[in-house]
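A.B. asks: One structure, as structure tokens, below. Some questions next.
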Amino acid sequence: MDAGVLVAVDLVNRMVVRPEPVEDMAVLREVLAVDPPSVAQLAPGHVPGFAALARELRAVFEDLSGGAEDAAADRLNQLLAAHPAHPHLAKEDGRWRLHHHPADAALVPMWTSICAEALARLLAGGHGDRAGSCADDRCGRAFVDTSRNGSRRFCTTTCQNRVKTAALRRRRAALGD
């Protein structure tokens, strides 16, 4: 899966929908570990920018989860207008890699461009229905469905089992068992 999509999911889940309080710099170091130069540049001043990006991306995942692709596209277009993707080739470890941000972009605008462009490609490729938020009301974590049939509604089988078990208990209680 694309690093921009993975980082987008992690930013949402670790900075917006987190189960317990954690230190934001530690979270960002873990999320950005896919790109060691980003971790090296990371400073406490970047936290508010990444938190704002995570909130914007959460709204995109919620739109996609609800089937509101037009709203998700509008949000992504706003992010891309503010932080346009400027693809360039960079040689890393002897291989050419295509990057989707200006070569001289600052850290938060760079990742905004990367995440927005990756989610825009997902949506434009007809796979917007594969991104969403967990259907467990107590969870809400973002995910991208990589299954063959594309029918995933939960972030994990734990959430799926919790919802299905609760539904079964409600049905049994309604029947008087």
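Condition check ((1) touching a Pro at 6+ places or on another chain (Cβ under 7 Å); (2) in a helix (DSSP H, G or I); (3) under 27 Å from A40 (Cβ atoms); (4) not β-branched (V, I, T)) across all residues:
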{"residue": "A71", "(1), (2), (3), (4)": "no, yes, no, yes"}
{"residue": "L76", "(1), (2), (3), (4)": "no, yes, no, yes"}
{"residue": "W96", "(1), (2), (3), (4)": "no, no, yes, yes"}
{"residue": "W111", "(1), (2), (3), (4)": "no, yes, yes, yes"}
{"residue": "D137", "(1), (2), (3), (4)": "no, no, no, yes"}
{"residue": "S147", "(1), (2), (3), (4)": "no, no, no, yes"}
{"residue": "Q160", "(1), (2), (3), (4)": "no, yes, no, yes"}
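A.B. asks: Still on this structure, I have one more. Is there any pair linking a residue in the range 77-102 that is touching a residue at least 12 places away in the same chain (Cβ under 8 Å) to one that is surrounded by fewer than 12 Cβ atoms within 10 Å (Cβ to Cβ) and charged (D, E, K, R), with Cβ under 8 Å and at least six apart or on different chains, and which?
C.D. replies: Qualifying pairs under 8 Å: A90/R97.
A.B. asks: Say whether the condition of being out of contact with any Asp or Glu (no Cβ under 8 Å at 6 or more places or on another chain), β-branched (V, I, T) and at pLDDT 90 or above is met by at least one residue in the range 142-165.
C.D. replies: The answer is yes, given that some residue of the range 142-165 is out of contact with any Asp or Glu (no Cβ under 8 Å at 6 or more places or on another chain), β-branched (V, I, T) and at pLDDT 90 or above.
A.B. asks: Please go through the range 1-31 and pick out each residue that is part of a helix (DSSP H, G or I) and either touching a strand residue (DSSP E or B) at 6+ places or on another chain (Cβ under 6 Å) or β-branched (V, I, T) (or both). Outline the logic, then answer.
C.D. replies: Step one: filter the range 1-31 for residues part of a helix (DSSP H, G or I), giving 3-15, 24-31.
Of everything in the range 1-31, those that are part of a helix (DSSP H, G or I) and either touching a strand residue (DSSP E or B) at 6+ places or on another chain (Cβ under 6 Å) or β-branched (V, I, T) (or both) turn out to be V5, V7, V9, V12, N13, V27, V31.
A.B. asks: With A81, A105 as the choices, which residue is in a loop (DSSP other than H, G, I, E, B), more than 24 Å from C139 (Cβ to Cβ) and at pLDDT below 95?
C.D. replies: Within the list A81, A105, the selection yields A105.
A.B. asks: Could you please let me know if D137 is of a type outside the set (G, A, S) and at positive phi?
C.D. replies: no
A.B. asks: Go through (1) under 16 Å from R55 (Cα atoms); (2) in contact (Cβ under 8 Å) with a residue 60 or more places away in the chain one by one and return the number of the condition S113 breaks.
C.D. replies: (2)
A.B. asks: Further question: Go through the residues of the range 20-36 one by one and say whether even a single one is over 22 Å from D104 (Cα atoms), buried (at least 22 other Cβ atoms within 10 Å of the Cβ) and in contact (Cβ under 8 Å) with a residue 60 or more places away in the chain.
C.D. replies: no
The values are calculated or read from the model by the stated rules, or taken from the named source; none is laboratory data. The shown structure was predicted, so the numbers you read here are calculated from the model rather than taken from an experiment. Here the Cβ is made from the backbone with ideal geometry for all residues, glycine too, and neighbour counts use every protein chain on show.
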